[in-house]
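First comes the structure, then the notes that go with it.
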Amino acid sequence: MDEKVDAYKIGVGHMNEALPNVVEAYHNFTGTCFADGALGAKEKQLVALGISLFANNEVCTLYHVQEALSSGAKPQQVLEAAAVAAAVGGGHAMSQGVTRVQRALEDWRQTH
């Protein structure tokens, strides 16, 4: 697990050599987004975990599990965040099924 996160960090280091302004801007942006505010670090990491799962981004998923735990999340909270992401993912498929798919079926029925 750590190898993939480490590989990402090494890759960012290489990108920083070629495009330091881009990497600096990205780090400034993400640092600002993850700074404590109305949501604390733990909550922000749990949100990021859910988005990472929904986006099917393995490296970010592994990273944000580690960061959530480091920010004080309990394993149960990490699992609940994953469950919420699963519910949203299922809801996404359901919403498309009852809108776009139904519309496509209606269009097909009109031509057949």
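Does segment 52-62 contain at least one residue that is touching a Gly at 6+ places or on another chain (Cβ under 8 Å), small (Gly, Ala, Ser) and at pLDDT 95 or above? Before you say what the answer is, go through the steps one by one.
Step one: filter segment 52-62 for residues touching a Gly at 6+ places or on another chain (Cβ under 8 Å), giving 53-54.
Subsequent filtering for residues that are small (Gly, Ala, Ser) retains none.
No, that holds for no residue.
Here's the yes/no breakdown for (1) surrounded by 12 or more Cβ atoms within 10 Å (Cβ to Cβ); (2) more than 24 Å from residue 69 (Cα to Cα); (3) among the aliphatic types (A, V, I, L, M):
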site: 10; (1), (2), (3): no, no, yes
site: 13; (1), (2), (3): no, yes, no
site: 17; (1), (2), (3): no, yes, no
site: 20; (1), (2), (3): no, yes, no
site: 24; (1), (2), (3): no, yes, no
site: 27; (1), (2), (3): yes, no, no
site: 35; (1), (2), (3): no, no, yes
Only one of (1) in contact with a helix residue (DSSP H, G or I) (Cβ under 9 Å, 6 or more places away or on another chain); (2) of a type in the set (A, V, I, L, M, F, W, C); (3) under 16 Å from residue 62 (Cα atoms) does not apply to residue 23, and that is (3)
When you scan segment 72-88, do you find a residue that is among the small types (Gly, Ala, Ser) and not in a helix (DSSP H, G or I), even just one?
yes
Residues in segment 25-69 that are in contact (Cβ under 8 Å) with a residue 24 or more places away in the chain, over 13 Å from the mean Cα position of the chain (by Cα) and assigned to a helix (DSSP H, G or I) total 3
With criteria (1) outside any loop (DSSP other than H, G, I, E, B); (2) surrounded by 12 or more Cβ atoms within 10 Å (Cβ to Cβ), residue 97 comes up short on (2)
Looking across segment 63-110 at residues that are among the β-branched types (Val, Ile, Thr) and modelled with pLDDT of 95 or more, the single one that is farthest from residue 3 (Cα to Cα) is 84
Selection from segment 71-85 of residues loosely packed, with under 13 Cβ neighbours inside 10 Å, on the phi < 0 side of the Ramachandran plot and either aliphatic (A, V, I, L, M) or in contact (Cβ under 8 Å) with a residue 24 or more places away in the chain (or both) yields 79, 83
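The values are calculated or read from the model by the stated rules, or taken from the named source; none is laboratory data. All figures in this text were calculated on a predicted structure; none of them were measured in a lab. As a convention, Cβ positions derive from the backbone with ideal geometry for all residues, glycine included, and neighbour counts pool all protein chains shown.
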